[in-house]
Amino acid sequence: MQIARHIAEQPTTIVESYRSAARTLETYAPGPIGRVLLIGSGSSFNAGTVALPSMRAAFAGEVSVVGPQDFLRRPDTVPVRGTLAVVVSQSGASATSLEVARRAAAMGCATLVLTANAESAAAALGLPLVLMPAGDETIGPKTKGYVASVAALQAIAARFGADIADPAELAPNLEAALAAAETRAKALAPALDKVDTILVAGDGADFGTALEGSLKIAEIAGIPTAAYTIEEALHGRLHGLSERSLVLAIAADEVGRTEASTVREALAPHGIAVETVAAGPTDALPTPWCTLASTFLFQYMAVELALRRGREPDLMRYPGLTRRLAIKVDDSQ
């Protein structure tokens, strides 16, 4: 089971990706920047959402996360002068992200490509490149590629002025967070053998974690999931749950913990379980690394749920679906 090893290697991947990106960016000078677009799909989109607060702290102008198709459908809305397009593709093979990188560069945007695959089509574009050292992650569900993307984006934010702690100084604390996540996942999983839906909710950067956590559970365990901001989840979404469902509420502060408690009390009469996922800063893990570490629980839960269902965690539910959907330019991805 490769994914167990990949999850365990994530603290090292975070440190190495941040350091590698920081070194690469030392001489990167794109000129005056008035707008930043973080562009990616799937886990890359989720990584951009998690990094958004740090990027906004680094740049005075507008910073937004954009899906590749949104960019391609409305390129006329992108102001070229002063725009930095950061295109993230962990595999380096996402078809629409590759097209965005080509088009953004042709339009005259400063374009920076982030990928974990030095041999990929993205790396061969000839554009400024941040190579993320995520190692060989050949299975479908990406864990190291995701944390490497977040770490590299945090390095970009630090390069342009955001106050980001070097994760190398926090490596033992990341390891401890990983171990705690595994222990909790193993404790939660036995009660979820009949779970029919998992709803994940979080706000701000934690919404990115909600997106990524729900994605990993769907990819690895094959269980229907959904991700929302907390307020959106409260407006009608809970009515789609049953006594076999689970809500995972990500809480970064007292407001989040109070909201999670409110949801738990409201759903208790209906037999719907609600678990809080802590994501706030601590002495051990400051922002933004506490946010990234909260992803570990979802990854381990996905593996435990898959194993309890007799599924192979390294394999997605429908082999060949990526090829049939034509979302990658490399069939091996």
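The values are calculated or read from the model by the stated rules, or taken from the named source; none is laboratory data. For clarity, every value in this text was computed on a predicted model and none was experimentally measured. Don't worry about glycine lacking a Cβ; one is built from the backbone with ideal geometry, like all the others, and counts go over all protein chains shown.
Give me a count of the residues in the range 37-76 that are farther than 14 Å from Val100 by Cβ, assigned to a strand (DSSP E or B) and aliphatic (A, V, I, L, M).
Counting residues in the range 37-76 that are farther than 14 Å from Val100 by Cβ, assigned to a strand (DSSP E or B) and aliphatic (A, V, I, L, M) gives 1.
Can Ala185 be described as within 30 Å of Ala106 (Cβ to Cβ), touching a helix residue (DSSP H, G or I) at 6+ places or on another chain (Cβ under 9 Å) and in a helix (DSSP H, G or I)?
no
How about the range 235-333: which helices (runs of 4 or more DSSP H) wholly inside it have at least 1 residues that are crowded, with 21+ Cβ neighbours inside 10 Å, in the same structural domain as Leu98 (by TED's automatic domain parsing) and β-branched (Val, Ile, Thr)? It would help to see each step written out before you state the result.
Values: elements: 254-267, 289-293, 295-308, 321-325.
No helices (runs of 4 or more DSSP H) qualify here.
Residue by residue through the range 262-280, note down the ones that are in contact with a strand residue (DSSP E or B) (Cβ under 8 Å, 6 or more places away or on another chain) and polar (S, T, N, Q).
Thr276
May I ask you to say which residue of Thr209, Thr229, Thr225 is of a type in the set (S, T, N, Q) and over 19 Å from Val303 (Cβ atoms)? So that I can check it myself, show each step before the final result.
Working: Thr209 fails: over 19 Å from Val303 (Cβ atoms); Thr225 fails: over 19 Å from Val303 (Cβ atoms).
Matching residue, one of Thr209, Thr229, Thr225: Thr229.
Restricting attention to the range 130-145, does a residue exist that is farther than 29 Å from Tyr318 by Cβ, touching a strand residue (DSSP E or B) at 6+ places or on another chain (Cβ under 9 Å) and surrounded by 19 or more Cβ atoms within 10 Å (Cβ to Cβ)?
yes
Those residues that are in a loop (DSSP other than H, G, I, E, B) and crowded, with 24+ Cβ neighbours inside 10 Å, I need them from the range 110-129; list them, please.
Applying the first criterion (in a loop (DSSP other than H, G, I, E, B)) to the range 110-129 yields 116-122, 126-128.
Selection gives Ala116, Ala122.
Looking at the structure I just gave you, is Leu129 hydrophobic (A, V, I, L, M, F, W, C), out of contact with any Gly (no Cβ under 6 Å at 6 or more places or on another chain) and farther than 16 Å from Lys328 by Cα?
For Leu129, the condition - hydrophobic (A, V, I, L, M, F, W, C), out of contact with any Gly (no Cβ under 6 Å at 6 or more places or on another chain) and farther than 16 Å from Lys328 by Cα - is met.
Within the range 46-73, how many residues turn out to be within 14 Å of the chain's Cα centre (by Cα) and under 15 Å from Arg159 (Cβ atoms)?
Number of matching residues: 1.
Within the range 35-61, which residues are farther than 30 Å from Pro141 by Cβ and touching a strand residue (DSSP E or B) at 6+ places or on another chain (Cβ under 7 Å)?
Across the range 35-61, the qualifying residues are Arg35, Phe59, Gly61.
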